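Where a number appears in this text, it was derived from the coordinates with a stated rule and is not lab data. Because the structure is predicted, anything quoted here is derived from the model rather than measured. Please note: Cβ atoms are built from the backbone with ideal geometry, for glycine as well, and neighbour counts cover all protein chains shown.
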Amino acid sequence: MRWDALFDDMEAQLAAEDRLGLDAEVAERARTELAGIELKDRLRGALGMRIVVQLFSGASFEGTLSHAGSEGLVLNEELHQVLIPYAGVARYTGLGRLAVGEKSKVRQKLGLASALRGLARDRSSLTVFVAGGLAGETRLNGVIDRVGRDYLDLAVTEPGEARRAGNVREIATVPFAALAAIRSFRSEL
């Protein structure tokens, strides 16, 4: 009888050690997998969710996340859409825990310049938020005339004015590194 109890006890101890080893292995694999997840994958997992994006400049935008690309995201506000480069973001609020990788090779290659060229082609009236360091940010209204590799030329106008030669106050060249956000009216309204 005592031998049976001894073997049962030893068997229980081995089973407990196996469970602990398995638990440790699962935890280590989970940490390793989590370490490989990029923020843009978490953002793609939050598509359709309402989030808040706080910029380094201090401005914040709240809306439904409609796109998470390779270099920036798009939020749908009530009347506007806001394109926000990842480089200008200080923090996000409202992201879920789901992460979704980008499977499309084409979408992986489309960056900020591609989106800006589309806005230039459409001659969309925009508000460009330019990061200004300690000064916060500057807001410029106008239409994108050209998009280079790492900059855009904005024909600056008064809010609501059409882009006509007589209405253009100046052409502002804005490096992508200084872009905090770009707000446009939603086209589907």
| said: I'd like the FRET efficiency for L14 and A87, computed as 1/(1 + (r/R0)^6) with the beta carbon distance as r and R0 of 45 Å, rounded to 0.05. | reply: 0.25
| message | Given an 8 Å cut-off on Cα distances and at least 6 residues of separation, report the relative contact order of the stretch 39-185 as a percent. | response | 23 percent
| remark: In the stretch 155-189, the GluC sites (Glu not before Pro) that sit in a DSSP loop and have at most 13 other Cβ atoms within 10 Å of their own Cβ are E188
| query | How much net charge surrounds L119 when only other residues with a Cβ under 15 Å from its Cβ are counted (Lys, Arg +1; Asp, Glu -1)? | reply | +3
| remark: For P159, the net charge from surrounding residues (Cβ-Cβ under 14 Å; K, R +1; D, E -1) works out to +2
